[in-house]
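For reference, the structure discussed in these notes is given below.
The values are calculated or read from the model by the stated rules, or taken from the named source; none is laboratory data. Computed from a predicted model, the values in this text were never measured in an experiment. Neighbour counts run over all protein chains shown; Cβ positions are idealised from the backbone, glycine included.
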Amino acid sequence: MTFTLADIARLAQVERPVVSMWRSRPLAGQPFPEPLPDGSFDPETIASWLEATGRGNNPTPRADLAITRATRHATEAELNDFLTLLAVRILLDEPLTDLSADDLVDAADGLDPDDEFLFHEVDALLPRLEEMAPATEELCSSAWHPREAYERILHRRDAGHASRLAGDLTGLLVALARELLGDSGILVDVNASTSDLVIHLLSDDEVASPSISLPTTGPTGRDVLRRYLVHGAAPRRLNLDENWPLTLDSVLLARLPDDADAGLDLLNEIALQLEPRSTALVLGPAATLVDSLQPSRVAERDRLLRDDLVRAAIRLPQGLTEDGSRQHLALWVMSTPNATDALRTADLSGTRLTRRTAQVVLDDVLASLSAPTARAFGVLTSVDRARLVASGGSLVETQAAQRAQHTSGPADDAIRLTQLRAALRQPLPDPMPFDFTLGEPRHSLTATLDQVIAQGWARMLPGARIGTTEPGTTRLWTPDAVRSGSPQKVDLLTLTQQHPHLALTEPGDIIVITQGQPAAIVDRVGGSAVAYPARVLRLSSPRLTTVAVADAINRLPAGNGKWRTWQLPLTITADPQVEELFNLLADYESQLRERQTLLKELRDVASRSVLSGSLTLTPLTADEKGQ
């Protein structure tokens, strides 16, 4: 077996042009492997090179290589057979080669007495079990764990299918579900179409194992139920015709079918099941969720809008499924009505869903659900719900997505413009008030957070599970507060009564968010409370500089929740000026962020008042400019 460049790209989990770039721009001391005489490449050499260089997005290329070698020419039916036997292997937790074919069938009957997910598939394999059991064991030994082999073969079977979502969209939906799901909430895979998202959540060390409900039957339901059981989850089976026993902070996940009528029927079922403090994340064709519909279907969608069940409607870019389709998907965020809730829409069809854009969408959606009037929004725009329903057209057209009318008058805008101009004219400090002398060149040093903790140089402390508390003067760092850089202020007495063993931060502690996009902020003064899932990283070695460590965490890619593997920079020599430098840079960055916020507000106020003619402009005199 040899590899083409396309095979290498699949093994490394990158796009094909990336491999060509690797060949043309080799790493020093690690040139790209030479091709064989026929122009192909040796897979073992490629896997060794990927391991040595760390290039690509696959942390275990050799395990994938073994799976590829064993299943390279397997049909979809043969891959399904392997998945069936791997499920038996995982659920029995003993080698299949220790059992006869008849014993394997009996074991499958014991695992699945009602034939809901496994038995008849194993029974159909009876004539081939003797030959397939050793091959299945070989697959298990090729991966770190039989469950890993199961997922790799499942991905191989479904690669290029419309059911598979692009990585950044998966990351966005997983992050939304993670933030919305409460400790006692139920996660509902409404139509057995979102198991990829649920499995991501099950593998997240920072998320308490959720209760999962799977209200579905049929062949697809068997496949999905088996996958959940393989991952140690035991979904509760629900009936769409019955009331679902949802708890507070439950999350319903659904992927609508392409058929608009079937999609609208499913939306109606979801609307009937929504309970207070539960949220539905519904992904489906933009043609159903946000675009103009045929008159016969408009009334069905408009009823959901009139019932105030839709909090956000977002048209997504093309190309977010692995089948290469250019279909536009859309996302609805649904919850029960609240007097303060607004409908917000966004049209991202002309953009790319990068990790940065996904983070903005995540922040906007969470803010619209928790504090809808407390912040400016990056992509979501408030719309007039009644006017939108009356128009009967697209939910995200420009004329429908105009921002709500601002109620302040020209005099208020004039005062605010003066205040903003004065604030923006304040001089910035010198970001680096140091001179330099040349030193001996040295390599930068790093260590994983796990290694740092093992050395006794740092400790990772959990935050407290803090609910609603009274306002006060003590800073409270929540995940949103860390990302915005602005802590909440709560009453310390009430807080300590609710949490008698609450430990406050010390000066120099780093408040860390591991979920979604990793984030960190240095608490310079200490004395703050930290709310789970935020954590406290406490450094105790001069080899670690607090601001540099926080900066390294803030530059990590989204989805890197395995915090023990994070690479942190080490300081070569203990020098207090190093810490001072990074503190000054952090101050400078904070002031720049504040100025960006002020500048955006200045632009908004000017757009509202100057463009409309409510205020007219007069150039400043030379003396006024110099003030």
Being modelled with pLDDT under 90 and under 26 Å from residue 483 (Cβ atoms) is the filter here, so list the residues in region 314-334 that pass it.
317, 320
State all residues of region 118-160 that are aromatic (Phe, Trp, Tyr) and part of a loop (DSSP other than H, G, I, E, B); if no residue qualifies, say none.
144
Within region 389-412, identify whether any single residue is surrounded by fewer than 16 Cβ atoms within 10 Å (Cβ to Cβ), at pLDDT below 80 and closer than 30 Å to residue 567 by Cβ, and answer yes or no.
no
Scanning region 492-517 for residues that are outside any strand (DSSP E or B) and crowded, with 17+ Cβ neighbours inside 10 Å, which turns out farthest from the chain's Cα centre (by Cα)?
492
Neighbours by Cβ (under 8 Å, 6+ apart or cross-chain): first from region 410-421, closer than 15 Å to residue 616 by Cα; second hydroxyl-bearing (Ser, Thr, Tyr):
410/609; 410/614; 413/609; 413/614; 414/609; 416/408; 417/609
Mind checking which residues of region 602-627 are among the hydrophobic types (A, V, I, L, M, F, W, C), assigned to a helix (DSSP H, G or I) and modelled with pLDDT of 75 or more?
602, 605, 606
Within region 570-601, restricting attention to residues that are at pLDDT below 75 and part of a loop (DSSP other than H, G, I, E, B), which residue is surrounded by the fewest Cβ atoms within 10 Å (Cβ to Cβ)?
573
Within region 457-469, identify whether any single residue is in a helix (DSSP H, G or I) and exposed (fewer than 13 other Cβ atoms within 10 Å of the Cβ), and answer yes or no.
no
Would you please list the contacts, defined by Cβ atoms under 6 Å and residues six or more apart or on different chains, that run from a residue in region 80-99 that is free of Cβ contacts under 8 Å to residues at least 40 places away in the same chain to a residue that is not in a helix (DSSP H, G or I)?
none
Could you pull out the residue among 552, 520 that is within 30 Å of residue 57 (Cβ to Cβ) and surrounded by fewer than 20 Cβ atoms within 10 Å (Cβ to Cβ)?
552
If residue 194 passes every condition in (1) surrounded by 22 or more Cβ atoms within 10 Å (Cβ to Cβ); (2) of a type outside the set (D, E, K, R); (3) at pLDDT below 80 but one, which one does it miss?
(3)
Identity of the residue in region 66-79, free of Cβ contacts under 8 Å to residues at least 12 places away in the same chain and aliphatic (A, V, I, L, M), that ends up surrounded by the fewest Cβ atoms within 10 Å (Cβ to Cβ):
77
Quickly run through region 5-20 and pick out the residues that are part of a loop (DSSP other than H, G, I, E, B) and surrounded by 14 or more Cβ atoms within 10 Å (Cβ to Cβ).
13, 14
For residues that are in contact (Cβ under 8 Å) with a residue 60 or more places away in the chain and buried (at least 17 other Cβ atoms within 10 Å of the Cβ), scanning just region 100-120, find the one that is nearest to residue 223 (Cα to Cα).
117
Do you know which of the residues in region 21-40 that are in a helix (DSSP H, G or I) and farther than 21 Å from residue 64 by Cα is modelled with the highest pLDDT?
23
Boolean, residue 490 is more than 27 Å from residue 451 (Cβ to Cβ) and of a type in the set (A, V, I, L, M, F, W, C)
yes
